[in-house]
Structures are given as structure tokens and as C-alpha cells.
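Structure first, then comments.
The values are calculated or read from the model by the stated rules, or taken from the named source; none is laboratory data. Quantities reported herein were computed from a predicted structural model and do not represent experimental measurements. Don't worry about glycine lacking a Cβ; one is built from the backbone with ideal geometry, like all the others, and counts go over all protein chains shown.
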Amino acid sequence: MLIDSYKFLPRSFLPLFEHARPLPEESAPVWAPFTARLADSTIALLTSAGLSLAGAQEPFDLDKERNEPTWGDPSFRVLPHELGDRRLVMSHLHVNDADVRADPNVALPVDALDDLVADGMVGRAAPTHVSVMGYQQAGLVVWREETAPAIVEHLRAQGTDGVVLAPV
């Protein structure tokens, strides 16, 4: 199945992303070996869908992005693993949210993680997961210097051993 990730972007944005390259100071791959047994580990999810809890969290800033099309909200939201009857809202101008509204597991696959825990392949699901807005063209400095370290600090504080990236 071919997925056209440019489908929801204005065609004028295509040249910005079509041949993306690492920044000059990013010559080495970012890699951290996972040495723990997965069956003994606590795993969190990180989605780029721009999810927030309806009525309980501020949604991602779409107004500023509409006014400044190369800006992406560099903040993040912490989402509980157990949503109960709470509803997720998706704030992302570059992705069609119909599938995520129909099934939030498309962007935050907690059911699949729960299945892996039930099967003994993963030790535990983290108590919370993280959502960011994936479009970060102009905000990479803030994202690298503030957002990413804050996310890492949160995940470490709750005892997360590993993260599954769920890009949208």
C-alpha cells in the first residue's frame, strides 16, 4: 500500500520535504542500544499525531501554524495509558484525522501494546504516553533543546525502559 504523506500538504510545501537531509552537525546516526529484556521492560508510546485529552488539555496550536505555515507547535502532551471514557482530540493540519477519530489506536496503539504485555513479550505498558505534533520544520531548535529533553525526563521519571515511535 502506497501512502502519500504529502497528500494533505499544500503542493508548495513539497520542495521543503521531498529531499530532506540531516543538518551539518548531525553526521552520526542517533542510536542507543536496548540492553534490557523486552519481557522485563516498561514501554511507552510516542505519537506524532498531535493528540490531547478533550476538555482536559490544551490542544496543539493550530492557529499559529495557520498564520505561520512553516511553524509547528513544539510542545507535548502526556496521555494516560488507561483512557477510560476520556476522548482524544487530534490537532494536526497535515494529516487527515478521520481514521484516528474512528480508532485512536491508529495513532496511539495502546491495544497492541496491551496485547504484547498480555502475551508476555513486553513486561509492562508505561502509565503514560507522549504525543507531539509531527510537523516541526521551523521549530527544531526548540524541539531539540527543550521539548525532547523534557520528554526524556518525563519518561525516565516514570520508569520507562523503551519507547515505541508511532508516527502518523
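Can you confirm whether region 46-62 contains a residue that is in a loop (DSSP other than H, G, I, E, B), surrounded by fewer than 18 Cβ atoms within 10 Å (Cβ to Cβ), touching a residue at least 40 places away in the same chain (Cβ under 8 Å) and not basic (Lys, Arg)? Within region 46-62, none of the residues are in a loop (DSSP other than H, G, I, E, B), surrounded by fewer than 18 Cβ atoms within 10 Å (Cβ to Cβ), touching a residue at least 40 places away in the same chain (Cβ under 8 Å) and not basic (Lys, Arg).
Across region 107-125, what is the total count of residues that are of a type in the set (A, V, I, L, M, F, W, C) and within 17 Å of ARG86 (Cβ to Cβ)? Qualifying residue count, region 107-125: 4. Being more than 15 Å from the chain's Cα centre (by Cα) and surrounded by fewer than 16 Cβ atoms within 10 Å (Cβ to Cβ): is that true of ALA125 here? For ALA125, the condition - more than 15 Å from the chain's Cα centre (by Cα) and surrounded by fewer than 16 Cβ atoms within 10 Å (Cβ to Cβ) - is not met.
Going by the conditions given, is LEU83 without any contact (Cβ under 8 Å) to a residue 60 or more places away in the chain and part of a strand (DSSP E or B)?
The answer is no for LEU83.
For residues that are acidic (Asp, Glu) and surrounded by 13 or more Cβ atoms within 10 Å (Cβ to Cβ), scanning just region 65-85, find the one that is modelled with the lowest pLDDT. Ranking the qualifying residues of region 65-85, first place goes to GLU65.
Is at least one residue of region 86-107 over 17 Å from the mean Cα position of the chain (by Cα), in a helix (DSSP H, G or I), loosely packed, with under 14 Cβ neighbours inside 10 Å and modelled with pLDDT under 95? Yes, that holds for at least one residue. All of (1) of a type in the set (D, E, K, R); (2) at pLDDT below 90; (3) in contact with a strand residue (DSSP E or B) (Cβ under 9 Å, 6 or more places away or on another chain) hold for ASP114 with one exception: (2).
Being modelled with pLDDT under 80 and of a type in the set (D, E, K, R) is the filter; apply it to region 12-45 and report the residue that is surrounded by the most Cβ atoms within 10 Å (Cβ to Cβ).
Per the stated criteria, the residue is GLU26.
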